[in-house]
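A.B. asks: Structure incoming, see below.
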Amino acid sequence: GAVVSQHPSWVICKSGTSVKIECRSLDFQATTMFWYRQFPKQSLMLMATSNEGSKATYEQGVEKDKFLINHASLTLSTLTVTSAHPEDSSFYICSAHYYSSYNEQFFGPGTRLTVL
Amino acid sequence: SQQGEEDPQALSIQEGENATMNCSYKTSINNLQWYRQNSGRGLVHLILIRSNEREKHSGRLRVTLDTSKKSSSLLITASRAADTASYFCATAITDSWGKLQFGAGTQVVVTP
């Protein structure tokens with residue numbers, strides 16, 4: 001099956017710093033990737049849709065200046081959490097849309113962000 | 001907002017028993033998907049059922065979809081301890097191509 005990786009797997013940072021998370025589709029090209037966040041014991045909440053070569057589309061309530069998304073190539077999307085605060089601590093998961101299957105998404109393993 | 005609502009929130013069964021969980025949604029969908037997530041890990045895609053399908057099987061998994069009731073069920077037969085995980089339904093909403101809305105999830109614990 002299609003493989004999606006995320007880097008790093010986990011990160012601990014100080015409040016006020018910025019953190020970049022990478023999402024890569026390893027064996028297929030993905031013009032569309034999605035970013036989700038998940039708080040403990042809760043479901044996934046869609047944050048934004050990342051489209052290669054264009055601006056990301058953010059869901060209502062998600063600050064685009066806080067969560068910067070760049071989809072510079074067909075295999076890489078990055079999420080940068082700017083000026084992170086403890087309330088940004090969460091599990092961030094990306095997915096990549098695989099065009100060979102009808103609306104099937106393949107998910108990365110997730111990145112756990114802890115802001116001290 | 002969450003499209004899907006799942007019940008039960010948590011389920012504890014013994015190995016060999018069947019586990020059934022349900023998902024309801026509110027709007028028109030292209031398809032409905034079920035995912036599994038082990039604690040602190042990413043999601044694993046289990047099965048996709050299109051809006052024009054009523055039932056689908058994959059190994060020990062059986063999924064039904066009733067679009068008139070806007071509901072779906074996931075049945076895991078002959079459960080194993082390794083099936084312990086959280087299970088989420090996700091709906092691909094019509095005219096929101098590519099986006100998935102996740103349900104709250106059902107936490108399943110299978111004891112040996």
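The values are calculated or read from the model by the stated rules, or taken from the named source; none is laboratory data. None of the values given here were measured: they were computed from a predicted structure. Ideal geometry is used to build each Cβ from the backbone, glycine not excepted, and the neighbour counts take in all protein chains shown. All accessible areas refer to the heavy atoms of the entire protein, side chains included, with ligands and DNA or RNA removed. Shrake-Rupley method; radii C 1.70, N 1.55, O 1.52, S 1.80 Å.
A.B. asks: With a 1.4 Å probe and all protein chains kept in place, how do B:Lys70, B:Lys26 rank by accessible area, largest first?
C.D. replies: Greatest to least solvent exposure: B:Lys26, B:Lys70.
A.B. asks: Please compute the per residue accessible area over the protein assembly as shown with all protein chains in place, 1.4 Å probe, rounded to a whole number of Å². The partial results should precede the final answer.
C.D. replies: Numbers: 10920 Å² over 228 residues.
Per residue, the protein assembly as shown has an accessible area of 48 Å².
A.B. asks: Not counting ligands, DNA or RNA, and with a 1.4 Å probe, what is B:Leu11's accessible surface area in Å² rounded to the nearest 10?
C.D. replies: B:Leu11 exposes around 40 Å² with every protein chain in place.
A.B. asks: How do A:His97, A:His7, A:His85 rank by accessible surface area computed with a 1.4 Å probe, from largest to smallest? Could the numbers behind the result be given before it?
C.D. replies: Working: A:His97 5, A:His7 120, A:His85 70 Å².
Sorted descending by solvent-accessible area, the residues read A:His7, A:His85, A:His97.
A.B. asks: Check cross-link reach from B:Lys99 to the lysines: straight Cα distance under 27 Å, and skip same-chain residues fewer than eight apart.
C.D. replies: Cα-Cα hits under 27 Å: A:Lys20, A:Lys41, A:Lys55, A:Lys64, A:Lys66, B:Lys26, B:Lys56, B:Lys69, B:Lys70.
A.B. asks: Moving on to the next point. Cα gyration tensor of the protein assembly as shown, axes a ≥ b ≥ c as square roots of the eigenvalues: rounded (a/c below 1.5), prolate (a/b > b/c) or oblate?
C.D. replies: In terms of gyration-tensor shape, prolate.
A.B. asks: So for B:Val109, A:Val115, what's the accessible-area order with a 1.4 Å probe, most first?
C.D. replies: Sorted by accessible area, descending: B:Val109, A:Val115.
A.B. asks: Now for a separate question. Got a number for the accessible area of A:Ser83? Probe 1.4 Å, square angstrom, nearest 10.
C.D. replies: 50
A.B. asks: Where both residues lie in the protein assembly as shown, what percent of DSSP beta bridges are antiparallel, nearest 5?
C.D. replies: For the protein assembly as shown, the DSSP antiparallel bridge percentage is about 90.
A.B. asks: OK, next. Per the Kirkwood formula on distinct C-alpha pairs, the Rh of chain A is how many angstrom?
C.D. replies: About 14.0 Å for chain A.
A.B. asks: Okay, moving on. What's the carbon and sulfur percent of the protein assembly as shown's accessible surface, probe 1.4 angstrom, rounded to a whole number?
C.D. replies: 49
A.B. asks: Let me ask something else. Which trypsin sites (Lys or Arg not before Pro) in the stretch A:21-116 pass both tests, a DSSP loop state and at most 16 other beta-carbon atoms within 10 Å? All intermediate terms of the calculation are to be shown ahead of the outcome.
C.D. replies: Details: sites: A:Arg24, A:Arg37, A:Lys41, A:Lys55, A:Lys64, A:Lys66, A:Arg112; in loops: A:Lys41, A:Lys55, A:Lys64, A:Lys66.
Qualifying residues, ordered by number: A:Lys41, A:Lys55, A:Lys64, A:Lys66.
A.B. asks: Provide a whole-number value for the mean count of partner chain Cβ atoms within 10 Å of the Cβ atoms in peptide A:109-116.
C.D. replies: Partner Cβ neighbours, averaged per residue: 1.
A.B. asks: Oh, and also: State, in square angstrom and to the nearest 100, the accessible area buried between chains A and B, both chains counted, probe radius 1.4 Å.
C.D. replies: Interface area, both chains combined: 1800 Å², rounded to the nearest 100.
A.B. asks: Sticking with this structure for a sec: I'd like the per residue volume of the convex hull spanned by the Cα atoms of chain B, given in cubic angstrom. The partial results should precede the final answer.
C.D. replies: Working: hull volume 10.4 nm³, N = 112.
Spelled out: Cα convex hull of chain B, divided by residues, is 93 Å³.
A.B. asks: In the protein assembly as shown, which cysteines lack any other cysteine Cβ under 4.7 Å from their own?
C.D. replies: Singleton cysteines: A:Cys13.
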